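Heads up: the structure comes next, in structure tokens.
Read the figures in this text as sums done on the coordinates, not as results from a lab. Being a predicted model, the structure only gives us computed values, none of them experimental. Here the Cβ positions follow ideal geometry from the backbone for every residue, glycine too, while neighbour counts run over all protein chains shown.
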Amino acid sequence: MKLLRNVTAVTAAIALSAGAFALPAVAQDGSEQTNNENTSDVDTGSEENTDGDVAVDEVEEADTAAATTNEGDEDRDFTATDGDTATDTDLIQDLVDAAGESLTQQGDNSPAEGADGAETFQTESAEPAVLTELDIAAKMQEYIAENKKAPLNETWMTRVYNHKDENGNRDWLDHVIGFNASSPSMDMEIPLAVITPDDTFDEKRPTIYMLNGAGGAEQGMDWITATTYSDLEPEENIIEFYKDKNVNVVIPQAGAFSYYTDWVESPQSGYLTQEKILWETFLTKELPDVLENEINGNKKRAIAGMSMSATSALVLAEHNPGFYNAVGSFSGCAATSRPFPNMFANLTVNRGGGNTTQMWGPQGGEYNVYNDGLVNANNLRESEVYVSANSGLPGMTDMGSSKIESQGLSAAAQGSSTLIIEGGIIEAAANSCTHDLKAKMDSQGIDADWNFRPTGTHSWPGWRKDLSESWPTFARGLGLAS
């Protein structure tokens, strides 16, 4: 059965990458969407726009716009899988990863054990990042005063600014604090969203680093933007869920298509334009001390990601054993160094303007193996680990029937088709990949919490569930009550 599942996933994913199922991307209003990733203007008054953006000059009308929107889960969850459009998705990569791993290396998952390699490539020292304030309210008010539209990569800020509680107060401004972190190694400024129980940081708390998927904030599909639709339950909303937890949640709002890794060389094109791409150095060396001092961290921390960054979360934890007390990987693929996983990782970074040789050197080479989360899984034994994957079979949130009333039959059917066919294939591959990781960790006596859901595609409904379903694991690792 496993071999059949793997063959099916690989065959289907190859067909997808060749365009055999080249269904059009669906915009959030149900219409066909062109691949216009540079569209940056948004209408700041409406909570949801057909491009996934939000408008500034009408920001005071946000609640009315949110109430009257006809956007549906099928559409937004497919286009929001992790920021890619239908045909070119990183979903193809992430979940064929798994199938490729199993087919090319049955039985032996470790060309090297990774513990030695974890020291070979570590940056010896790094200058600390420089933090400055990012005043979300002031930034939004500037757009309003100048009658300008907010850029796509600031959609998350418009969501925070627009939200009002039942008394009309902009309550999320008390729970999402912005910073800019200047990275010395990359010579770039990275916006940070910090979700906190209050805006004082008076109490010492653990820190959770939550990484975005491939398109991230740059494509308007970060954790805040994709979980703050008005019709979602509080436990599916990252701000509402974490605002009463005794943790600070840090979301780096940059890094599209980077795998949050240290690249061998920069493509200097597309989304990967900086001269040096050293995300691991930034996230593990430059940022933690200075940020956690600023937000009063207690030296306990977790890291998590979905799709592309699910791999990143595992690898960063493996490179720094014991640094993260808890690790979460949602619908990802740990393997990166075998032919199929590497090829489909290449599909992801290619959309950002690069390739895996620029990122990790030759496929199967020493640095590529060092960045293989399956190979180096032994280094996770010092952390509490949560790993999830859906089956790829359509569930209720993937069906168009629940959205016919709000979207109409045609739009609901089209959005559902992309989720069921493409999202299902990718998640089936991720599921297989996750079973490979479980087999490896079980064989080495490494405990983890595994969440294999019987239905669900590679889309946001599952990742929103992961917020609450991963919490017991994170709470245990961070020494908190669940």
Lysines whose Cα lies under 23 Å from that of LYS243, excluding same-chain neighbours fewer than 8 positions away: LYS139, LYS164, LYS204, LYS299, LYS300, LYS465
Taking all pairs of distinct alpha-carbon atoms in region 131-195, Kirkwood radius in angstrom: 12.8 Å
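Students often check this: by mean Cβ neighbours within 10 Å, which of 450-463, 332-345, 178-191 ranks highest, and how do the rest follow?
Details: 450-463: 22.5, 332-345: 27.0, 178-191: 18.7.
Sorting 450-463, 332-345, 178-191 by mean packing, highest first, produces 332-345, 450-463, 178-191.
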Projected-area mean, region 159-289, by convex hull of Cα positions, square nanometres: 8.5 nm²
Range of Cα positions in region 235-341 per principal axis (Å), largest first: 42, 29, 27
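How would you rank 434-443, 149-158, 378-387, 200-209, highest first, on the average number of other Cβ atoms within 10 Å across their residues? Let's see the in-between values first.
Working: 434-443: 19.9, 149-158: 25.5, 378-387: 22.3, 200-209: 18.1.
Result, highest mean Cβ count within 10 Å first: 149-158, 378-387, 434-443, 200-209.
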Gain upon complete extension [SER269, ASN293; 0.36 nm per residue less C-alpha separation]: 5.2 nm
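What length, rounded to one decimal in nm, is gained on full extension from ASP165 through to ASP442, with 0.36 nm per residue of separation minus their alpha-carbon distance? List each step's numbers first, then the result.
Working: separation 277, 0.36 × 277 = 99.72 nm, distance 4.61 nm.
Net length gain for the segment: 95.1 nm.
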Evaluated over region 204-257, the Cα radius of gyration and Dmax, each in Å: 11.8, 33
